[in-house]
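Any read-out appearing in this document is the output of simple, stated calculations on the displayed coordinates, not a laboratory observation. Quantities reported herein were computed from a predicted structural model and do not represent experimental measurements. Here the Cβ positions follow ideal geometry from the backbone for every residue, glycine too, while neighbour counts run over all protein chains shown.
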Amino acid sequence: MQTRLNYFNINILQKLDDANPPDDIEDPKAYSIEEAKQKAEHDKMMKDAEEKKKEVRRHITKMRRMFKQLLEQNDSLPNHLRLHKDVSLF
């Protein structure tokens, strides 16, 4: 029974293919299926990379704000408690 159904399905698909053969793509600029897949993967990689860059830039901006606040706090301290800018912490 299963063999008969498979044969029937294949026979119908063959008739559909024979009735409406696919058109050839004649545009020389059109992507092949593989090229389209590679381009989609590349586009996704580029999008992910841009998102990562944005995330890093946001983090850097946040760190700069925090550093500026620390500098302002340091400047507001009495002179004998301040960290001097010429002192290296590392």
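Extension gain for M63 to K85 (0.36 nm times residue separation, less C-alpha to C-alpha distance): 6.1 nm. For R82, the shell of other residues with beta-carbons less than 14 Å away shows a net charge of -2, using +1 for Lys and Arg and -1 for Asp and Glu.
Give, in nm to one decimal, the length gained when the segment between A36 and L70 is fully stretched (0.36 nm per residue of separation minus the Cα-Cα distance). Could the numbers behind the result be given before it?
On the way: separation 34, 0.36 × 34 = 12.24 nm, distance 5.07 nm.
This chain segment gains 7.2 nm when fully extended.
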